[in-house]
Amino acid sequence: MTADRPVLILLNPGPVNLTPSVRQALTGPDLCHREPEFAELQERIRQRLLEVYGLDAERWAAVLLAGSGTAAVEAMLTSVVPRLGKLLVIENGVYGERMSQIAGIYGIAHAVLTYPWGHVVDLAAVEQALAAEPHVTHLAVVHHETTTGRLNSLGDLAALCRRRDVRLLVDGVSSFGAEELDFEGWDIAACAATANKCLHGAPGVSFVIVRRDVLEPRGRTLYLDLATYCRVQDARSTPYTQPVHLYYALDRALAELAMQGGWHARHSRYRALAHQLREGLSALGIEPLLPEGQSSVVLRAYHVPASIDYTTLHDALKAQGFVIYAGQGTLTRGIFRVSTMGAITFRDIERLLAAFRHVLGKE
Ligand SMILES: *Cc1c(COP(=O)(O)O)cnc(C)c1O
């Protein structure tokens, strides 16, 4: 391995391959999190996170946490829903189900609308559920359900929420930075996300973009309480030790995103990579799980070809330098997933397709 070439191309949905300069940033100087240099770094990251979707710092806060994406989702649900509030959780994959699990553990009143993994969320059913549950104050939904690659229709759900005065909480962990998130237009109350998916940072830092007027101390959790983090971060400090080197990497990754043209440009690039892959796999008779237009640009699920089992496919591709990702739960055997996040090139996809041809004996 050379300094700027990873041994393995990661096609799993995070952590992603880093660019050489983001990797280099990880070796930045040791820094005390109580010193002004840290305050500046943290402030710059918070500002850059808001700039990804052009948000006004008066109305919105980016609250930084140490932890993976799940920490941000858990912080969002426990910190935003009031004691007397009630959540409606939409499930059509692993991550929607995880939100219900979090609500259950913390005793947050919640109702659940469940669809089989990968199925489209039926808007009429959501409308009915909101009518049948008049005490619902918040709706929680996964934007991009990484379980299957399905992009849930946030704009339509937002319109339903607005009509019923229900606040919208979004798990944007695998979409923030590469898919459209119209925070103002869709009246999003909070959105949880992470450094190491579409933003191309290193794993271990996550964040919640939250509308300032929905943040109040809720007293459900000490470590994940967003109101505390926000208050202290606004005062240019941090309540607990932060992973300084991961902050350097995220700062650099956000600078690169901006230089490359922001989320629109990243969206286009992912889409082109995903298209190249889809065409190439289709020529090998490997078909996608979802029809074109229903998947995110971030990740696509494909049926495992009949001639091979998943583990053999995975191991053979890995031997050639590529890590694909298994399905989860009931989809473990039938599908594999390929994400185009991270420092991946068209040449990498070309080589991946050659590896598929080799493994399937179709050279
Ligand atoms: C990756 C992911 C998460 C969080 O996973 P972590 O392993 O905690 O980073 C949550 N929601 C979605 C939609 C994800 O893709």
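So here's what we get for this one:
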{"item": "Flag if LEU289 is within 19 Å of PRO13 (Cβ to Cβ) and aliphatic (A, V, I, L, M)", "result": "yes"}
{"item": "Count of the stretch 241-270 residues which are out of contact with any strand residue (DSSP E or B) (no Cβ under 7 Å at 6 or more places or on another chain), assigned to a loop (DSSP other than H, G, I, E, B) and not small (Gly, Ala, Ser)", "result": "2"}
{"item": "Unique match (being at pLDDT 95 or above and not in a helix (DSSP H, G or I)) among VAL232, VAL208, VAL126", "result": "VAL208"}
{"item": "The stretch 48-74: number of residues that are within 16 Å of the ligand (Cβ to nearest atom) and touching a Lys or Arg at 6+ places or on another chain (Cβ under 8 Å)", "result": "4"}
{"item": "Every residue from the stretch 144-180 that is in a loop (DSSP other than H, G, I, E, B) and either at positive phi or away from the ligand (no atom under 13 Å from the Cβ) (or both)", "result": "GLY149, SER153, ASP165, VAL166, GLY177, GLU180"}
{"item": "Residue tally, condition surrounded by fewer than 19 Cβ atoms within 10 Å (Cβ to Cβ) and in contact with a Ser or Thr (Cβ under 6 Å, 6 or more places away or on another chain), over the stretch 189-217", "result": "0"}
{"item": "Conditions (1) within 16 Å of the ligand (Cβ to nearest atom); (2) at negative phi; (3) part of a loop (DSSP other than H, G, I, E, B): number failed by ILE108", "result": "(1)"}
{"item": "Near pairs, Cβ below 6 angstrom, 6+ apart or cross-chain, from the stretch 7-24 (on the phi > 0 side of the Ramachandran plot) to any residue that is within 16 Å of the ligand (Cβ to nearest atom) and modelled with pLDDT of 95 or more", "result": "GLY14/ASN196; GLY14/LYS197"}
{"item": "Residues being of a type outside the set (D, E, K, R), closer than 22 Å to GLN294 by Cα and more than 12 Å from the ligand (Cβ to nearest atom) - total across the stretch 181-198", "result": "5"}
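The values are calculated or read from the model by the stated rules, or taken from the named source; none is laboratory data. What you are looking at is a predicted structure, and each value in this text was computed from that prediction instead of being measured. All Cβ positions, glycine included, derive from the backbone under ideal geometry; neighbour counts span all protein chains shown.
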